[in-house]
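Everything on this sheet refers to the single structure shown next.
The values are calculated or read from the model by the stated rules, or taken from the named source; none is laboratory data. What you see is a predicted model; the values in this text were computed from it and never measured. Glycine gets a Cβ as well: all are built from the backbone with ideal geometry, and neighbour counts include every protein chain shown. Accessible surface is based on the protein model in full, side chains and every heavy atom, while ligands, DNA and RNA are left aside. Shrake-Rupley method; radii C 1.70, N 1.55, O 1.52, S 1.80 Å.
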Amino acid sequence: MVEERKPAGRGRLGRIAGLILVVAAFGVLVSLGTWQVQRLQWKEGLLAAIAERRTAPPVSLKEIEAMAAAGDDIDYRTVSVSGTYDHGKERHFFATHEGRTGYYVFTPLMLDDGRALFVNRGFVPFEKKDESTRPEGQVAGTVTVNGLARPRLSEKPSSLVPDNDIAKNIFYWKDLDAMAGAASLPADRVVSFFVDADATANPGGLPIGGVTQFDLPNNHLQYALTWYGLAAALVVVSGVYFYRRRRQPDQENPASEV
């Protein structure tokens, strides 16, 4: 009998290919973890900046407009502005507040220079959508609004968001041009951002101001640990696998009899 063994090169090539795949997967997992660490640093910086802006003394509308013109981020910057509300042109944004369904009331604040600034005066319950149901809160005369500047949206934030129902005066996303058009306000005479009014109480209790949301999710550390953990697990599992393969006899090339 003559014992003949098949070439072992194929088995070695398979192990090398497997090792290459493991190294590539490890690189991808580590890259994803590092990206989440970078996102974490960015998010922490953003949250710190927002906290600083929210507590800063309010500035004039003119200063906010200058920041916007210079390309600075105006979101959540405190502002103080005076004017007269045009309650007949308020627009209603579908929203919830403390578990109740209703609307945020966006009312044009007419400025001394003839322009209009849409102010989110706050929340009203579903049954109080019609302005005639809350006459006490429809304040007349010159008012001073303290609040936070909020940028306009250039497009619908998601395809899952419904289209605005202009006919019923129900907005599902803050389309400033559509609000202005529905209120018969020339687009070039409308300030290019919104202001969310603070929690100063309105007569009659409605609208409820101070509805700006600051709950920005920050789960990047958790995601980073997950990716790094998967990379570590891959190293351990792969190491055990290759160690066992090296200690096992070569079974891929069994002897054959001739």
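Does Leu221 satisfy the condition of being open to solvent by 20 Å² or more (accessible area, probe 1.4 Å), within 14 Å of Val105 (Cα to Cα) and in contact (Cβ under 8 Å) with a residue 24 or more places away in the chain? So Leu221 fails the test. Figure legend. Inter-residue proximity from segment 40-63: first residues touching a residue at least 60 places away in the same chain (Cβ under 8 Å), second residues open to solvent by less than 40 Å² (accessible area, probe 1.4 Å) and part of a helix (DSSP H, G or I), beta-carbon distance below 9 Å, spacing 6+ or different chains. Indicated pairs: Leu40/His220; Leu40/Ala224; Lys43/His220; Glu44/His220. On the stretch given as segment 200-218, residues that are surrounded by 13 or more Cβ atoms within 10 Å (Cβ to Cβ) and within 30 Å of Lys43 (Cβ to Cβ) total 6.
Pairs meeting the criteria (first residue in segment 228-245 and touching a residue at least 12 places away in the same chain (Cβ under 8 Å) and part of a helix (DSSP H, G or I), second residue open to solvent by 50 Å² or more (accessible area, probe 1.4 Å) and of a type outside the set (D, E, K, R), beta carbons under 7 Å, at least 6 apart or on different chains) are Ala231/Phe26; Leu234/Phe26; Val235/Phe26. Of all residues in segment 103-112, at least one satisfies being at pLDDT 95 or above, over 18 Å from Val145 (Cα atoms) and either surrounded by 21 or more Cβ atoms within 10 Å (Cβ to Cβ) or touching a helix residue (DSSP H, G or I) at 6+ places or on another chain (Cβ under 7 Å) (or both). Restricting attention to segment 170-193, the residues that are in contact with a helix residue (DSSP H, G or I) (Cβ under 6 Å, 6 or more places away or on another chain) and open to solvent by less than 30 Å² (accessible area, probe 1.4 Å) add up to 3.
Go through segment 195-213 residue by residue and tally those that are assigned to a loop (DSSP other than H, G, I, E, B) and within 26 Å of the chain's Cα centre (by Cα).
Initially, segment 195-213 is screened for residues assigned to a loop (DSSP other than H, G, I, E, B), giving 198-202, 206-207, 209-213.
After this cut, where a residue has to be within 26 Å of the chain's Cα centre (by Cα) as well, the list is 198-199, 207, 209-213.
The qualifying residues number 8.
Taking each residue of segment 28-39 that is closer than 10 Å to Leu230 by Cβ and in contact (Cβ under 8 Å) with a residue 24 or more places away in the chain and looking for partners that are hydrophobic (A, V, I, L, M, F, W, C) and surrounded by fewer than 16 Cβ atoms within 10 Å (Cβ to Cβ) with beta-carbon atoms closer than 8 Å, six or more apart or interchain, yields Gly33/Leu225.
Exactly one residue out of Gly71, Gly27, Gly88, Gly114 is more than 21 Å from the chain's Cα centre (by Cα) and on the phi > 0 side of the Ramachandran plot, and it is Gly114.
Would you be able to tell me the number of residues in segment 117-140 that are on the phi > 0 side of the Ramachandran plot and outside any strand (DSSP E or B)? Total meeting the criteria: 0. When segment 152-169 is filtered for residues that are open to solvent by 60 Å² or more (accessible area, probe 1.4 Å), of a type in the set (A, V, I, L, M) and in contact (Cβ under 8 Å) with a residue 12 or more places away in the chain, the ones remaining, listed by number, are Leu153, Ile166.
Say whether the condition of being in contact (Cβ under 8 Å) with a residue 60 or more places away in the chain, outside any loop (DSSP other than H, G, I, E, B), farther than 30 Å from Lys168 by Cβ and not hydroxyl-bearing (Ser, Thr, Tyr) is met by at least one residue in segment 66-83. Among the residues of segment 66-83, at least one is in contact (Cβ under 8 Å) with a residue 60 or more places away in the chain, outside any loop (DSSP other than H, G, I, E, B), farther than 30 Å from Lys168 by Cβ and not hydroxyl-bearing (Ser, Thr, Tyr), which makes the answer yes.
For segment 118-133, a residue qualifies if it is open to solvent by less than 60 Å² (accessible area, probe 1.4 Å) and either of a type in the set (S, T, N, Q) or modelled with pLDDT under 95 (or both), and the qualifying residues are Asn120, Thr133.
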